[in-house]
Amino acid sequence: MFQDRKSNCGLVNKISTLRIVDSLAEITRYKDRELLERSLAITLSELFLSEEFRFYRVSNTVVENENRVKLSLLIYANQGIVISEQQVNDYELPDWVLNLITRAIEQRELVEHHDIEADVAYIIYPVYGKQEDIYGILLHSGKQPSFESKRLIYGLLRIYSNYLALLEESHRDTLTSLLNREILDSEITKILVSNAQFQQKCTRNRRTLDGCHAWLCLLDVDHFKRINDEWGHLYGDEVLILLARQLELIFRKEDLLFRYGGEEFVALFRTFSYEDAQSVCERTRETIAQYAFPGVGQVTISIGVTEITRQPGSSIVIGQADKALYYVKGHGRNQSCFYEDLLSRGLIEAQAVNQHTSTIDFF
């Protein structure tokens, strides 16, 4: 009898180990952050079927003038069902849970609370990013987990964090450390799909299309060849590096910055209005023009901008911004122009759509 029980126990452990190995293989199969997060959520939900998991991105540590953590729900998992951020409306977290999350972030350690009346345990796991900063929070609620269960969840989160850091490193430009061109198309496509889903939801609910507008800003260093010719490529590289650092200071943490190629850069950002977008672009242009680049002095940039709405594909979005940039280059440089504005004024022709290479079947 003892031998049979021992054998069964060994079989259970073997199955559990195989499930974990399979889960790790699944998690590390993806090269996209959102798919990676979804795979992690599926793994946790399958290993702990009766438990609930909410994965939050920590945008800023603390909201200004308030002792509150700014969170955005990325994914929700319960009983094997996983729902992404675009499909779920998050509930308002109670103050005591927010306080626990704040403590977990400040102390950089796991925090737990047991609600005796409801017999529910809440465990908050900090999720670390590339520089060991707090990238996110995993809120786990359910029965009081064993020490081994908590260690397993913590270990999976560390594997996720390490793999995410490797992915992010591969998506960075080696000179400027900004995002590289490789993932620009996928980020634009995500916005296009999100816009299509939002429009469809508003149409069903008979609501207006209010909210944030997404913009693609294509920036080009004016007379960059002259910089390389007069000062040398080392100075040219330094200009690109310092320009990248200035862009990081100008744009928000949630905005995406890319080195598009050579002396061209791309910014993906959101505003509530066209006027706000104009203000962002003009502030960027003026800040760069006023910055003293060591050894070189003043450097200016030209900017072409377009709104990301319902274009057929990412190449069309980039093409529209490039057309606006081309207009700026031919009309004095050191300006920012919007594709939509130039088009409405008859200063440029509409960007041609290539149906064979630039289409997305949304639904």
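The values are calculated or read from the model by the stated rules, or taken from the named source; none is laboratory data. These numbers were taken from a predicted model, which means no experiment stands behind them. As a convention, Cβ positions derive from the backbone with ideal geometry for all residues, glycine included, and neighbour counts pool all protein chains shown.
Among (1) of a type in the set (A, V, I, L, M, F, W, C); (2) modelled with pLDDT of 90 or more; (3) not in a loop (DSSP other than H, G, I, E, B), where does residue 198 come up short?
Tallying (1) of a type in the set (A, V, I, L, M, F, W, C); (2) modelled with pLDDT of 90 or more; (3) not in a loop (DSSP other than H, G, I, E, B), residue 198 fails exactly one: (2).
Against the condition at pLDDT below 85 and either polar (S, T, N, Q) or crowded, with 17+ Cβ neighbours inside 10 Å (or both), how does residue 157 come out, does it pass?
Judged against the criteria, residue 157 is not a match.
So which pairs qualify, if the first residue must be in region 225-252 and under 11 Å from residue 176 (Cβ atoms), the second must be modelled with pLDDT of 95 or more and small (Gly, Ala, Ser), the Cβ gap must be under 8 Å, and the two must be at least 6 apart or on different chains?
Sorted first by the residue in region 225-252, then by its partner, the pairs are 247/267.
Does residue 36 count as in the same structural domain as residue 140 (by TED's automatic domain parsing), farther than 23 Å from residue 132 by Cβ and modelled with pLDDT of 70 or more?
no
Starting from region 43-55, take each residue that is more than 23 Å from residue 72 (Cα to Cα) and not assigned by TED's automatic domain parsing to the domain that holds residue 119 and list its partners that are outside any helix (DSSP H, G or I) and modelled with pLDDT of 90 or more, counting only C-beta distances under 8 angstrom and pairs at least six apart or across chains.
Partner pairs satisfying both residue conditions: none exist.
From the list 190, 150, pick out the single residue that is farther than 24 Å from residue 70 by Cβ and not aliphatic (A, V, I, L, M).
From the options 190, 150, the qualifying one is 150.
I'd like to know if region 293-312 contains one or more residues that are acidic (Asp, Glu) and in contact with a Leu (Cβ under 9 Å, 6 or more places away or on another chain).
yes
Kindly evaluate residue 353 against the criterion of being out of contact with any His (no Cβ under 6 Å at 6 or more places or on another chain), at pLDDT below 95 and on the phi < 0 side of the Ramachandran plot.
It is true that residue 353 is out of contact with any His (no Cβ under 6 Å at 6 or more places or on another chain), at pLDDT below 95 and on the phi < 0 side of the Ramachandran plot.
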